[in-house]
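The structure under discussion appears below in the form of structure tokens.
The values are calculated or read from the model by the stated rules, or taken from the named source; none is laboratory data. Keep in mind it's a predicted model, so treat the numbers as computed, not measured. We place every Cβ from the backbone using ideal geometry, glycine too, and count neighbours over all the protein chains shown.
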Amino acid sequence: MSIPTDRVTVALSDRGYDILIGPGLLGQGSSFDSLQGQGDSSAVVVSNPLVAGLYKHRLLEVLATRYRQVLFVELPDGEAFKNWSSLDLIFEFLLKAHCDRKTVIFALGGGVVGDVAGFAAASYMRGIPFVQIPTTLLAQVDSSVGGKTAINHPLGKNMIGAFYQPLRVIADLDTLDTLPDRELAAGLAEVIKYGPIADNAFLGWIETNFDALWSRDKKALAYAVKRSCEIKAWVVGQDERESGLRAILNFGHTFGHAIEAGMGYGIWLHGEAVGCGMVMAADLSNRLGLIDEAYVDRLTRLIERAKLPIHGPALGADRYLELMRIDKKSEGGEIRFVVIDSPGRASVRPAPDDVVRDVIAAHTA
């Protein structure tokens, strides 16, 4: 059965763009129709060795029919390389190749490639166009959408970056066929996230269709990616720069970012840390009197079913709190958490340190 291409629009006035979702998009010239700079400018594809080995030539062939020249720059693979060195590698390449303001960057890969390449595009010559081509489930449903670009710092994840929107997001579902199970699970964490914060019926759909998602059924994946993108596009359309509502998209991320930074970037995958962080954030929501234990158990069972960790590393409560204070939602040193107000609705609020310590003690190995 053929799967049609879906289109979700991120409505941001003159910076709005489309997310294309479907199989086979990477090799279809129509996926790249009407993009800026075609004909007289350069295209620069940014990727990593693993993804490049699978999809680089297919993309280069399509772009070669549309751009004056097509160049390629390779970043080292992994969260540990989402840093200044990788960013500078792109800048050095662009400068040596005499790339100008019409040059278009194509980010081919997962969240690391998309974030670093997007930040490079936002910064080079004060901004050049770029296109997101996410090849992981996590990137397709979350990091490629909304214009957040960043690198990590040893003291905090994604603390150095810019809001910079792509020209288009091209989510080819066929790239998920080569995704390792661990990466698929990490992506499912971000899919699951959208249920408790925005659409509890979607959480029920995920539970019902989980086996199809895990077996990479294209119809199920297409709906999961589309619905996730619809929710994120709706939130971003109302709060592009995370001054209010958009912060709910960080459900589980305050605890999760502390795990990533505390363990060392790349030891836990981002989605693994978020999955565990959602369990902790749901428990916090219960301890604050917002949701019942049954809902916490329901979410925990689904996260465990997705082969994601439900217990965090034993960093110690003091270390967790120290790391969580270095968070973009913190205000005046006060940690603010995304909590579930009721199934399908979330908010951002502080919590007493002693309650947070109890959560950490209950959910760390």
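Here are some notes:
- Qualifying residue in the range 251-267 (condition: in a helix (DSSP H, G or I), aromatic (F, W, Y) and either in contact with a helix residue (DSSP H, G or I) (Cβ under 8 Å, 6 or more places away or on another chain) or in contact (Cβ under 8 Å) with a residue 12 or more places away in the chain (or both)): yes
- Boolean, G146 is in contact (Cβ under 8 Å) with a residue 12 or more places away in the chain and either in a strand (DSSP E or B) or closer than 20 Å to A80 by Cα (or both): no
- Selection within the range 1-51 - of a type in the set (S, T, Y) and either at pLDDT 95 or above or at negative phi (or both): S2, T5, T9, Y17, S30, S31, S41, S42, S47
- Among the residues of the range 299-328, those that are on the phi < 0 side of the Ramachandran plot and free of Cβ contacts under 8 Å to residues at least 24 places away in the same chain comprise T300, R301, E304, D318, E322, R325.
- Residues (under 22 Å from T254 (Cα atoms) and among the β-branched types (V, I, T)) located in the range 147-188: T149, I151, I160
- Checking the range 326-338 against the condition returns a match, with at least one residue being under 18 Å from D199 (Cα atoms) and not aromatic (F, W, Y).
- Restricting the range 112-159 to residues that are farther than 18 Å from R15 by Cα and among the polar types (S, T, N, Q), the residue that is surrounded by the most Cβ atoms within 10 Å (Cβ to Cβ): Q140
- From the list V296, V274, V235, V279, the one residue that fits, being over 20 Å from the mean Cα position of the chain (by Cα), touching a residue at least 12 places away in the same chain (Cβ under 8 Å) and in a helix (DSSP H, G or I), is V296.
- Scan of the range 316-341 for residues that are in a loop (DSSP other than H, G, I, E, B) and either surrounded by fewer than 18 Cβ atoms within 10 Å (Cβ to Cβ) or charged (D, E, K, R) (or both), ordered by number: G316, I326, D327, K328, K329, S330, G332, G333
- Of A224, A247, all but one fail to be under 25 Å from A117 (Cβ atoms), among the hydrophobic types (A, V, I, L, M, F, W, C) and at pLDDT below 95; the exception is A247.
- Residues that are in a helix (DSSP H, G or I) and touching a Lys or Arg at 6+ places or on another chain (Cβ under 8 Å) within the range 239-250 comprise A247, L249, N250, listed in sequence order.
- Filtered by the rule that a residue be among the aliphatic types (A, V, I, L, M) and either touching a residue at least 60 places away in the same chain (Cβ under 8 Å) or touching a helix residue (DSSP H, G or I) at 6+ places or on another chain (Cβ under 6 Å) (or both), the range 14-50 gives I19, L20, I21, L25, L26, L35, A43, V44, V45, V46.
- Lone unmet requirement of (1) farther than 15 Å from A185 by Cβ; (2) in contact (Cβ under 8 Å) with a residue 60 or more places away in the chain; (3) touching a Phe, Trp or Tyr at 6+ places or on another chain (Cβ under 7 Å) for I248: (3)
- Given (1) touching a residue at least 40 places away in the same chain (Cβ under 8 Å); (2) over 21 Å from A189 (Cα atoms), number of the condition E331 does not satisfy: (1)
- A186 satisfies every condition listed in (1) assigned by TED's automatic domain parsing to the domain that holds R246; (2) part of a strand (DSSP E or B) except (2).
- Residue within the range 61-78 that is touching an Asp or Glu at 6+ places or on another chain (Cβ under 8 Å) and under 22 Å from T175 (Cα atoms) present: no
- Single residue of the range 282-299 satisfying the filter (under 14 Å from G344 (Cα atoms) and out of contact with any strand residue (DSSP E or B) (no Cβ under 8 Å at 6 or more places or on another chain)) that is surrounded by the most Cβ atoms within 10 Å (Cβ to Cβ): L299
- Residue count for the range 153-183, restricted to those that are touching a helix residue (DSSP H, G or I) at 6+ places or on another chain (Cβ under 7 Å) and assigned to a strand (DSSP E or B): 7.
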